Each structure stands twice: as structure tokens, then as C-alpha cells.
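Heads up: the structure comes next, in C-alpha cells.
The values are calculated or read from the model by the stated rules, or taken from the named source; none is laboratory data. Since we're looking at a predicted model, the values are computed, not measured. FYI the Cβ positions are ideal-geometry reconstructions off the backbone, even for glycines, and counts take in every protein chain you see. Quick note on the areas: whole protein, heavy atoms, side chains included, nothing else; ligands and nucleic acids left out. Shrake-Rupley method; radii C 1.70, N 1.55, O 1.52, S 1.80 Å.
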Amino acid sequence: MISNLAAAELLGATLAQADFYPRLPQQRRLYEAARTAILLQQLSAGSKLPSTRNLASELGIARNTVIAAFEQLAAEGFVITSTGSGTYVSASLPSTSQPKRKLDGNAEVVPETPPNGFATLSKRGTQLTEFAAGTRYEIQPFAPGDADFSVFPFKLWQRLQNRVWREARPDLLDYGQAGGYLPLRRAIAEYLRVSRSVKVSIEQVMITAGTQQSLDLCALLLADVDDTTWVENPCYWGARRIFESCEVNLHPVAVDAEGIAPSEADLATNPRLIYVTPSHQYPTGVVMSLARRRMLLDLAQRKGAWILEDDYDSEFRYTGRPLAALQGLDTHGRVIYMGTFSKVLYPGIKVGYLVAPPALVEPFKAALYDLQRPGQLMLQAALADFIALGHFATHIRKIRQAYGAKRELLRKTLAAQLGQSAPISGEESGLHLVVEFPDHVDDEALARLAAESGIAVNALSHYYLEPPVRRGLLVGYAYVPAEKIVYYGKLLAHVIQAGLRR
Ligand SMILES: Cc1ncc(COP(=O)(O)O)c(C=O)c1O
């Protein structure tokens, strides 16, 4: 068994290595050194560690540093401290991956915990952070979801914000308990009534930090752990992540040319939540038919389910009037409608809204305050002015026209280059179109190939939770300047042709 002195020497030798977590604080380095030695059984189970006083003096570091490191080891089950008797290496170690072996057979220290913090992740945390598809390309040609930031009215926005700050209203510096800044809620209610045929009173509108937060509130307040939640297959990643974080039971339902299309087997389940994107299914772009909308509302009423309507980009319909929202057809108060300023203004604004059915207004308002401490009233005041003074309507008109022209140019460019080898769909509305491939094509490999040419497109297959999976690419046209659409369109077509030939 290793002696106290040998243990101190072993830890001292590890800490003396210049490349052993050089940027971490000393207590974390000591913790890592001891943890590694325990995992490698250099400090064997049941062996006694030096006292904190002796170890501090042997290593020439503060005793508090040693105490903190020992406390962390004890909290994670690597050591057991018994008052008056000392600290011992645990007989049974916490489950953890063993350090990897180098090819030469020597142990290589592979930190399991991130080097910037003490905590290892929970099971939920591990699962949530494993999903690399959640990361998205930003500000690159064809990145789906990005807007054309060059047309944002910076000067006007600055003026409106300055005006709010000049008014110096202390009440706007608080969190705000009312569900958001009243004039903004009023402006949104009016906008939704006129443009989206949403049945809404000001009371029902609540300002959130975007759709992510609206979905989080809905999942937390309306579903329990393991409750069945229908999601479209394929489905928007952001929504899927929220539902996973709330530990509901995800039940993918196929999407066809009319939107969500539950099978007999789906209908045999009892969903608590049904998440849909009726105006422009994300990511396929399908618009939900009237028959399907009616079916869904009827089903929600019969089964006591809540429909979460994510109306994220309905402002961008290029032919004819935008379709009315599903919520407008709801006569039983089963729909929670949500919208966002991420697409019409800019994603970083982090302002969205939800329209709760009357029965849910009070609990939602209370939870919004208790769980989120919403705030951002100054920003909301500037946005309310932006809408009330007519700038919002002008801005939407302007970008709808600009995006419509880009969409048509891109569609023509791709169609001319690709023909029937890769048909285009989902382009009547929204901010992206889908280039479809035959089933055998590896669309993820194609997306990677495009990335090598500086083009950020997403693989359609990545959005599916289960087979059958369609293959293709999501191509966003909003961000690319109009004069570059043809250039990048041809470049993308070239990459696709090369990929399809492989
Ligand atoms: C389907 C869908 N819903 C909502 C959003 C926007 O969410 P948020 O308001 O949280 O930015 C996005 C953004 O990409 C989206 O694709």
C-alpha cells in the first residue's frame, strides 16, 4: 500500500508537470491529480491520504486549497472522510470512464470533466449537449434561418431606443410582472388580428424571450415527465431540444403534402402536446391544408391535447395573402399560438410572444415571472414604437419583396443547373427552400462538401427523428446579397452535381 509520503510525492510530481492543466486553479489541479491517481489505482482503494495539513506543507500550497480539493473528491465519491480518522480512497469508485491507454500501454490522462469547471454533467445535461446538430452556421451564404441584416434600419432603431432611454422611466427597469410592456402587447394583438386572423385580446398576449422560451413555458406548464408529445417528423431542432429538456415522451408523426399526417397507430396514442408549424412546416415548407387543420383541432378537443402552433415565418408568403393561423379556427381554446421577431427583425433581439387561451392566461403570466424574470422592457418599448409608428409594416413589406426576388432568382438558378436530378420544394413561403435528392444520397456528406466551399446548408435527413427519411438540403436565401445569389447558386449546384455523381 502506498505510504502517505509516497502519495504526497506522487501528487507533487503530477502537479509539477507544466502541461498538467496549466490554466486551472491549484485546487482544481490537485483534484484532477488525485482523481487520476485513484482511477489509475496508483492510490489504491482503502488507502489513507495524507492529512490536509501535511499535504499542504509537502506541496507548498495553502491548506484551504487542499481542503477544497478533498471536499470535491468526497462529494463525487472518490474518497471518504471520517472525522478524526482521516481521508481514505473509496473502496468502490463512482461510475466513470477509465483513463484511456496510450498505444504504448502507458496511461494517458483524459479529463472526463471539462477543464473549465468542477461539475460533471447530469444525465440530462450529457444527452442535451451531445446533439451537435443543434449548432448552426451563422452569417454565411445560404445559412437557413438567417435574415438579410444589411436592410435592417439601424439608424431608426437607434433613434427609437434613444428616445426610450431619454424618457428615463424607472418602471421600465424592473422585470415586469404583467406579461410584457402593455403597448407592445397591444400592438402585437392588433397585428395578429389583422395579419394572421388570430382571435386575441391584449390580455392573452405575453412577451417572451422568443419561441424557445415560449415552448419551454408550454412544456413545463402543460406536460409532465413522460407525457406523450407529438412532433412533426421531420422537426425543428430547437423545439425538439426543449421537449427533451422537459423529459416528455417524443412521438414523431409523419408529414405529407398536407402537413402533419397521423397514422392509425399515432391516433391510438393520447398526446398531451402537439407541436406543429402549419404555415410553413419546418423544414419541408409544406403548408397545412384546411382539412388537416380541422382534423387536428377536433383531435385536440377530443383527447384533451394542447396544440402548440409555431408561426415562426408566416410573414414571408410571396404569392397571395398569408394564410390565416390555425389558432383562428380554434373554438375550444386548445391552441397556444407563438410568434417571434427573430425572422422579421433579427434573431439576436430575442423577443417573441405567445397567445394563451383565456383559461391559461393567469398561470402562464405567473410562471413567466417566476421562472424567467422577463425584463427587457426598454427594448420592448422601442419595439412597440417601431410597430405603432408604422415602421414594422414598412420593414416587412420591404424585406418580403427583397426575399421574394432572391427566392425566385435562386430557384431559377438551381432549377436550370440541376433540372430533375434534384427537384426544389417548399419555396412558396419562408426563408429557405429544399433541394431534394433520391433516397440513396448522403445529404450530410453533401452539406459538408458545400461547407468546404464556404456555403452553409443543412441536411434534410438531420431533422428526422425516425425513418422513413427524405434526403435533401435546406438552402436559406435571405442572407445572401441579391447580386451574389446567382454566383452562390451556381456554386451550390456545382457542389450538388459533384456529390450526386459520387
Ligand atoms: C421553426 C422555428 N421556430 C422558431 C424559431 C425562432 O425561435 P426564437 O424566437 O427562439 O429565435 C426558429 C428559428 O430558427 C425556427 O426555425
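Just a few scattered comments:
- Computed from backbone phi, the HN-Hα couplings of the range 36-46 come to 5, 4, 5, 5, 7, 6, 6, 10, 7, 4, x Hz, rounded to whole numbers (Karplus: 6.51 cos²θ - 1.76 cosθ + 1.60, θ = phi - 60°; Gly and Pro given as x).
- Summing charges over neighbours of R400, with a neighbour being any other residue whose Cβ is under 9 Å away from its Cβ, gives +2 when K and R count +1 and D and E count -1.
- Computed over the range 208-270, Cα set: Rg, Dmax in Å: 12.2, 37
- Within the straight-line cut-off of under 19 Å between alpha carbons, the lysines reachable from K155 are K398, sequence neighbours fewer than 8 places apart in one chain being disregarded.
- Of all lysines in the structure, the ones whose alpha carbon falls short of 17 Å from that of K484, not counting any fewer than 8 places away in one chain, are K406, K412.
- All C-alpha to C-alpha distances of the range 289-347, sorted into 5 Å bins beginning at zero, yield P(r) values of 4, 18, 24, 22, 15, 11, 5, 1 percent in whole numbers.
- Distant-in-sequence amide contacts of V480, defined by a placed amide H-H separation under 5 Å and a gap of 5 or more residues or a different chain, comprise F142.
- Residues of type lysines that K48 reaches as a straight line, Cα spacing below 27 Å, ignoring anything fewer than 8 places off in the same chain: K100
- Dipole moment magnitude, nearest 20 debye, the range 233-359 about Cα centre, only Lys, Arg, Asp, Glu C-beta charged: 200 debye
- Its relative contact order, with pairs defined as Cα atoms under 8 Å and 6+ residues apart, puts the range 152-389 at 29 percent.
- Whole-angstrom Cα spans of the range 1-79 along principal axes, big to small: 31, 23, 23
- On a per residue basis, the convex hull of the C-alpha atoms belonging to the range 152-389 measures out at 118 Å³.
- Summarising the overall dimensions of the chain from its C-alpha atoms, the Rg and Dmax are 28.0, 82 angstrom.
- Solvent-accessible surface (1.4 angstrom probe) belonging to L30, in square angstrom, nearest 10: 0 Å²
- Computed from Cα atoms, the angle from the helix 391-418 axis to the main principal axis of the chain rounds to 80 degrees.
- Calculated mean residue ellipticity at 222 nm for the chain: -12500 deg cm²/dmol, from DSSP H runs with n ≥ 4 weighted as -39500 (n - 2.57), summed, divided by the residue count and rounded to 500.
- The residues of the chain expose on average 46 square angstrom of accessible surface per residue, using a 1.4 Å probe on protein heavy atoms.
- The portion of the accessible surface of the chain made up by carbon and sulfur, rounded to a whole percent, is 52 (1.4 Å probe; DNA, RNA and ligands excluded).
- If only the Cβ of Lys and Arg carry +1 and only the Cβ of Asp and Glu carry -1, the dipole of the chain around its Cα centre is close to 1200 debye.
- Across all C-alpha atoms in the range 378-441, the radius of gyration and Dmax reach 17.7, 52 Å.
- The tail of the calculated P(r) for the range 321-381, taken as Cα-Cα distances beyond 20 Å, holds 41 percent of the pairs.
- In the range 152-389, taking the dipole from charged Cβ atoms about the Cα centre, the farthest positive-side position among A359, M206, V164 is held by V164.
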